[in-house]
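J.: The structure is given below, and queries will be raised subsequently.
The values are calculated or read from the model by the stated rules, or taken from the named source; none is laboratory data. This one's a predicted model, so the numbers in the text were calculated from it and none came from an experiment. Note: ideal-geometry Cβ built from the backbone for every residue, glycine included; neighbour counts use all protein chains shown.
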Amino acid sequence: MQDVNHKPTRAVVAAVQLPGVSDVEFEASLAELRQLAKTLGFEVVARFTQKRQSFDSSAYLGTGKREELRSLVQDGADIVLVDHEISPSQAHNLEKEIGCEVMDRTMVILEIFHRHARSRAARAQVEIARLGYMAPRLREAAKLAGPQSRERSGVGGRAGGESQSELDRRKIRDRIAELQKELDAMHLERKTQRARRQERQGLARVALVGYTNAGKSTLMRALTASEALVADKLFATLDTTVRALHPEGVPRILVSDTVGFIKNLPHGLVASFKSTLDEALEASLLVHVVDASDPGFERQLAVTDEVLDEIGAKDVPRLLVFNKIDRGGDAAALRARYPGCIVISARRAGDVATLREAIVAFFRKRLVEAELFLPWAAQKLRGEIFEHCEVLEERSEGEGVFLRVRGEPEAVQRLREQLAL
Ligand SMILES: Nc1nc2c(ncn2[C@@H]2O[C@H](COP(=O)(O)OP(=O)(O)OP(=O)(O)O)[C@@H](O)[C@H]2O)c(=O)[nH]1
Ligand SMILES: [Mg+2]
């Protein structure tokens, strides 16, 4: 997609506006496609739109419009990005008529995920989604290429009489199965590690979720004094990372940063990122971060809610956080409209402290007070008690010490069990 001189690829963003879609919604989606294109390093040279009752079944745009687009492309564009997911045959026909490559929204998002995937798990997840997207397209390509495609020279191992496309499909299926097996193994391993970590570190967990580019990683950095990747790109973060809230207190709170959501997140991606998100969704609190300065924030908020429902996180308590208020947005109006929300800028230390306090308050509400008796013989548990609980009072009595403590119910229960041994 890059020419030999490494000049940026020149892209046209194109979209059909259907009757039910408002101008605002349409423009917001197109602006987002531009952002996606920029994230891929494309230079957007033109926009191209058409109002239609429905997508043209053969090539997305109407006949006359395809002609127009063809000459626009000839004037200097390398690729056309279409703001919907289109069928393999629509893409193929459109490419043929306008004379350049066409990428639909799904493909653009998949490509970004592909480039940003770092960990083994993220790579495998993205590859599964890409293969799932490509399979029907390969079938289409084979159909269009006709019977002579059987003559195409394949890479070894072809069973007698099997066409190239059948072979490719079989390979794709096998590869997906293989990747899925790897992922399942990784998932299991992570689960075990997580269980161990929770044993050690307590159970208070909060996950930062929200639309891509809302500022989740920026807040992660500020809240945990760590080095999460922050970038003015869509889908900068693909892996869940976990760090302790800083400064540490009782309970010790773990914060996770997660992959961002977007309108029309390809279905294959939702499925494949579910395991990554699962970890985050075991959190007791979701901090839903919204970019208050984005005119389309309401839609972004709704999309995030939808995806959270879809992946089974509907009932996890949420804290709604409007971020980037330094860039725009009406704080008073937001507070009136979304009771209980917090309006902040991740760039202001005071605001981050307010958010931290809200998170800590949520978890402190769960804490219970209890009395523990620590016999002299079990002094080795003393450090553990102090690590997991706040000790409110301590008095020696006969065979040991009584400690009045405050901690998470699970931590207190665990200590009780250990003391009973
Ligand atoms: N002005 C302003 N910019 C912010 C604020 N918070 C984050 N940003 C910027 O917004 C951009 C995106 O921030 P990230 O923290 O990477 O966003 P994210 O939600 O993690 O995005 P993904 O990982 O892509 O889902 C970066 O350029 C940040 O510097 C804020 O409060 N004010
Ligand atoms: Mg991020």
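J.: Just checking, how many residues over region 214-233 are within 6 Å of ligand 1 (Cβ to nearest atom) and acidic (Asp, Glu)?
T.: Number satisfying all stated conditions: 1.
J.: Out of region 208-222, which residues are within 9 Å of ligand 2 (Cβ to nearest atom) and assigned to a strand (DSSP E or B)?
T.: Within region 208-222, 208 is the sole residue that qualifies.
J.: Which members of region 255-304 meet the condition of being within 13 Å of ligand 1 (Cβ to nearest atom), at pLDDT below 90 and part of a loop (DSSP other than H, G, I, E, B)?
T.: Within region 255-304, 258, 259, 260, 262, 265 qualify.
J.: Additional query: Tell me whether region 268-280 contains one or more residues that are surrounded by fewer than 20 Cβ atoms within 10 Å (Cβ to Cβ) and on the phi > 0 side of the Ramachandran plot.
T.: no
J.: Could you figure out which of (1) in a loop (DSSP other than H, G, I, E, B); (2) in contact with a Ser or Thr (Cβ under 9 Å, 6 or more places away or on another chain) isn't true of residue 15?
T.: (1)
J.: Right, another one. Within region 321-421, considering only helices (runs of 4 or more DSSP H) that don't extend past its boundaries, which have at least 1 residues that are under 18 Å from residue 252 (Cβ atoms)?
T.: 349-365, 382-388, 409-420
J.: I'd like to know if region 232-243 contains one or more residues that are more than 11 Å from ligand 2 (Cβ to nearest atom) and in a loop (DSSP other than H, G, I, E, B).
T.: No, region 232-243 contains no residue that is more than 11 Å from ligand 2 (Cβ to nearest atom) and in a loop (DSSP other than H, G, I, E, B).
J.: Run down 61, 81, 69 and say which single residue is more than 20 Å from residue 9 (Cβ to Cβ), buried (at least 21 other Cβ atoms within 10 Å of the Cβ) and touching a strand residue (DSSP E or B) at 6+ places or on another chain (Cβ under 8 Å).
T.: The conditions single out 61.
J.: Touching a residue at least 24 places away in the same chain (Cβ under 8 Å), in contact with an Asp or Glu (Cβ under 9 Å, 6 or more places away or on another chain), surrounded by 12 or more Cβ atoms within 10 Å (Cβ to Cβ) and among the basic types (Lys, Arg), is that true of residue 366?
T.: When the stated conditions are applied, residue 366 passes them.
J.: Another question, if that's okay. If residue 114 satisfies all but one of (1) surrounded by fewer than 21 Cβ atoms within 10 Å (Cβ to Cβ); (2) farther than 27 Å from residue 271 by Cβ, what's the number of the condition it fails?
T.: Condition (2) is where residue 114 drops out.
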